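Novice: Next up is a structure, given as structure tokens.
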Amino acid sequence: MSIVVLQLPKVKRQTETRPKKCKYCKGEILQRWGEVKKPVQDTKMRNVRVYRYKCCSCKRTFRQYPEGVDRADQTQRIRKLAMVCWKLGLSYRGVALVMSAFGVSLSRMSAWRDVQEEAQRQKKGKRWKPVRILGLDGAYVRGWGKKRPVLVAVDLGEGEPVTIGYINEHDPRAVKRWLEPLVKRLGVSVIVTDDLFTYRQVADDLNLAHQVCQFHVRRWVGRELNRLKEEIPKAWLWVLEKIQAIIDDLPDDGDKQLFELWKQLPGRTTQPDEERAPLEQMRDMIIRLSERWERYIQFVDDPGIPWTNNGTEQVIGRMKMRARTVRGYKNWQGMQSGLMISGSSIS
């Protein structure tokens, strides 16, 4: 049987060292200016000893809290535990009930604030952390009455969400406006997405390398090949086999091989307003693959680029699983915080 050990922040009854500098003016001559017992909400202690110091330079006073304690009534250990309980599926009322079993009086609103605080901490910690390869994918999450479109950005190096936008992935202008400052701030050079036209356009506009998820490519190509196998003349079945071989092997000159196949097919015979014949549909598929070939093989020359966008989809999967149990988010702030927490690993 597997055992999961959760490392929570340590909490001490009193500080073991003196501050070296004033928190306001950085002065180094400090005078102890009393002490106080601070009541705290914790599983192991009810109060801690807090020392106060006065700076001899600026004459201001400040408190030095023990490890795991700050101005809040709850210790950092309790706040982290409340967040973990919510992440594992408990409601805010359920979190408060669990805490009461440990002798901690915690309201559901305090539990809500603990989750919001952790989400802000994670967001702040990732704001300037460099990200070279960014995974992008859209999702729909229920909030304030109906399903809302969100766009999730994931650091594929660590598999952690970077940020979440209230953006419809089918709107290229909105995606570009949201993504451009993120790219500049984090130093993103590669995006990994599905084959949606929005991402192709945005990648070109922002001069980003673009890897299209191979799972999506092979899925839609496989479906098209199976359908065309039943519709095109048997004399052209060898073309389908050649396409499948190119998709399986992913050669560097795959675009040229596909273009040579395209030139061997008969031209268009139907009118613009008519449905295209099976051979014409195969011809369109080949030229589409040829024109986008570079986006399919970015991972070949750069081992750091994943060949699928599974990392992003796994994060979105965790977000959706938790979203189903909260009965819908009430506003964007709550949705963004909830999705960030549920999509992140416990740390």
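Novice: Let me know the charge dipole size of the stretch 214-301 about its Cα centre in debye, to the nearest 20, where only the beta-carbon of Lys, Arg (+1) and Asp, Glu (-1) is charged.
Specialist: On the way: 15 positive and 18 negative charges, 41 e Å.
Charge dipole of the stretch 214-301: 200 debye, to the nearest 20.
Novice: Just order 51-64, 83-96 by mean Cβ neighbour count inside 10 Å, highest at the front, would you?
Specialist: My ranking of the peptides, most packed first, is 83-96, 51-64.
Novice: Additional query: Please list, in chain and number order, the residues 5+ apart from Gln41 or on another chain whose amide H is under 5 Å from its amide H, with Hs placed from the backbone.
Specialist: Placed amide hydrogens put Gln74, Thr75 under 5 Å from Gln41.
Novice: If you find the alpha carbon centre of the stretch 19-67 and of the stretch 115-176, how far apart are they in angstrom?
Specialist: After rounding, the separation between the Cα centres reads 38 Å.
Novice: Would you mind checking Lys23/Lys124; Lys23/Lys123; Lys59/Lys126; Lys87/Lys330; Lys12/Lys54; Lys21/Lys124 for any pair whose Cα atoms are more than 27 angstrom apart?
Specialist: Long pairs (Cα-Cα over 27 Å): Lys59/Lys126.
Novice: What are the ³J(HN,Hα) values, in whole Hz, obtained from phi via the Karplus relation 6.51 cos²θ - 1.76 cosθ + 1.60 with θ = phi - 60°, for each residue of the stretch 235-249 in sequence order, with x given for Gly and Pro?
Specialist: Along the stretch 235-249, the couplings run 5, 10, 5, 4, 5, 4, 5, 5, 4, 4, 5, 5, 5, 5, 8 Hz.
Novice: Now for a separate question. So how strong a dipole does the chain carry about its Cα centre when Lys and Arg Cβ are +1 and Asp and Glu Cβ are -1, to the nearest 20 debye? If you can, show how the numbers build up before the last one.
Specialist: Numbers: 65 positive and 41 negative charges, 807 e Å.
Dipole about the Cα centre, nearest 20: 3880 debye.
Novice: Within the set Lys20/Lys184; Lys146/Lys176; Lys229/Lys320, which residue pairs have Cα atoms separated by over 31 Å?
Specialist: Beyond 31 Å: Lys20/Lys184; Lys229/Lys320.
Novice: Within the stretch 269-324, which trypsin sites (Lys or Arg not before Pro) sit in a loop by DSSP and count at most 16 neighbouring Cβ atoms inside 10 Å?
Specialist: Arg276, Arg292
Novice: Now for a different question. Using θ = phi - 60° and the Karplus relation 6.51 cos²θ - 1.76 cosθ + 1.60, list the HN-Hα couplings for the stretch 263-278 in order, rounded to whole Hz, with x at every Gly or Pro.
Specialist: Working through the residues one at a time gives 5, 7, 7, x, x, 6, 10, 7, 6, x, 8, 9, 5, 6, 5, x Hz.
Novice: So, one more: Could you work out the relative contact order of the chain? I mean the mean sequence separation of Cα pairs under 8 Å and 6+ apart, divided by the number of residues, in percent.
Specialist: Taking the mean separation of contacting Cα pairs over the length of the chain, I get 15 percent.
Novice: Here's something else I'd like to know. Whose amide H sits under 5 Å from the amide H of Arg148, counting only residues 5 or more places off or on another chain, with H placed in the peptide plane?
Specialist: Those lying under 5 Å, H to H, from Arg148 are Val141, Arg142, Gly143.
Novice: To the nearest 10 degrees, how steep is helix 332-343 against the longest Cα principal axis of the chain, on a 0 to 90 scale?
Specialist: Around 80 degrees separate the two axes.
Novice: Now a separate question. Using alpha carbons only, how many degrees (0 to 90, rounded to 10) separate the axis of helix 214-229 from the longest principal axis of the chain?
Specialist: 30 degrees
Novice: Would you calculate a helix-derived [θ] at 222 nm for the chain, using -39,500 (n - 2.57) for each DSSP H run of n ≥ 4 and dividing by the full residue count, to the nearest 500? Don't skip to the answer; put the middle values down first.
Specialist: Details: 13 runs with 155 residues, N = 347.
It comes out at -14000 deg cm²/dmol, rounded to the nearest 500.
Novice: Excluding residues on the same chain fewer than 8 positions from Lys37, give the aspartates and glutamates whose Cα lies under 17 Å from its Cα.
Specialist: Partners within reach: Glu16, Glu67, Asp70, Asp73.
Novice: Using a Cα-Cα cut-off of under 13 Å, which aspartates and glutamates could be cross-linked to Lys256, ignoring same-chain neighbours fewer than 8 residues away?
Specialist: Glu291, Glu294
Novice: With a 4.7 Å Cβ cut-off, tell me which Cys residues in the chain come up empty for a partner.
Specialist: Taking the Cβ cut-off of 4.7 Å, the unpaired cysteines of the chain are Cys56, Cys85, Cys213.
Novice: A further question follows. For the chain, build the charge dipole from Cβ charges (+1 Lys, Arg; -1 Asp, Glu) around the Cα centre, then report which of Val192, Ala119, Met340 sits farthest towards its positive end.
Specialist: In the chain, that residue is Ala119.
Novice: What are the ³J(HN,Hα) values, in whole Hz, obtained from phi via the Karplus relation 6.51 cos²θ - 1.76 cosθ + 1.60 with θ = phi - 60°, for each residue of the stretch 196-205 in sequence order, with x given for Gly and Pro?
Specialist: Those phi angles translate into 5, 4, 4, 5, 5, 5, 5, 4, 5, 5 Hz.
Novice: Can you tell me the 0 to 90 degree angle between the C-alpha axis of helix 172-186 and the longest principal axis of the chain, rounded to 10?
Specialist: So the helix axis and the longest Cα principal axis differ by about 50 degrees.
Where a number appears in this text, it was derived from the coordinates with a stated rule and is not lab data. These numbers were taken from a predicted model, which means no experiment stands behind them. Note: ideal-geometry Cβ built from the backbone for every residue, glycine included; neighbour counts use all protein chains shown.
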